[in-house]
Amino acid sequence: MISVVLGGMPMFWPGLLLSLVPAALLNRPVGRLLRAHWVVGFLLLLGLGGVVVATLLPEAFRLSEDAVRHCTVRGGRPRSPHELLHVRHIELKLATYAPVGFAAALAGTRRRAAVALLGAAVLPFAVSALQYAVPAIGRDCDVQDVWDGLQGVVLGAALGLVLGPVARTVTRARARSV
């Protein structure tokens, strides 16, 4: 299903591959900043790269010269679990924002995790503001996209909060056995 959605975004995979470069170069400093494992820094940077590629690159990688500022604010609401499982466009939103929420939830200390989660929650709003402020990219901002992004962040964060303690326990057990 995601491949059907991405068919209209030919630059998604090349853009995501390009976001591997900063993720690979900056994962350790970001991990140290978060007081988390470097893998958390890598996931956060790769997730942010995916959000940028999926939401801020011009579609078909051409700038729209006749773009108009347009922002739809009617009808936005959280989607039901049934809708989340059956709407193709939503899968992409969840898949792009969930890694950011997941990595933010795994930040080392509670305070850093709270700040990272707050930043992750602001991200969908910032993306829509940029889509509105820069009409040349040819993307309309939509309040439903903000809701979908927030749901992706929340689902990723919930998964991170559940799996984080398990991963820490496994890591500590391996460290003791070595």
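The values are calculated or read from the model by the stated rules, or taken from the named source; none is laboratory data. What you are looking at is a predicted structure, and each value in this text was computed from that prediction instead of being measured. Heads up, the Cβs are rebuilt from the backbone with ideal geometry, glycines too, and the neighbour counts pull from every protein chain shown. Just so you know, the surface numbers come from the protein's heavy atoms only, side chains and all, with ligands and any DNA or RNA stripped out. Shrake-Rupley method; radii C 1.70, N 1.55, O 1.52, S 1.80 Å.
For the stretch 132-178: of the residues being open to solvent by 90 Å² or more (accessible area, probe 1.4 Å) and β-branched (Val, Ile, Thr), which is farthest from the chain's Cα centre (by Cα)?
Result: VAL178.
Show me the helices (runs of 4 or more DSSP H) entirely contained within the stretch 1-112 in which 1 or more residues are over 23 Å from ALA158 (Cβ atoms) and at pLDDT below 85.
2-6, 12-34
Filter the stretch 114-131 for residues that are open to solvent by less than 40 Å² (accessible area, probe 1.4 Å) and at pLDDT 90 or above and give the result.
ALA116, ALA120, ALA121, LEU123, PRO124, VAL127, SER128
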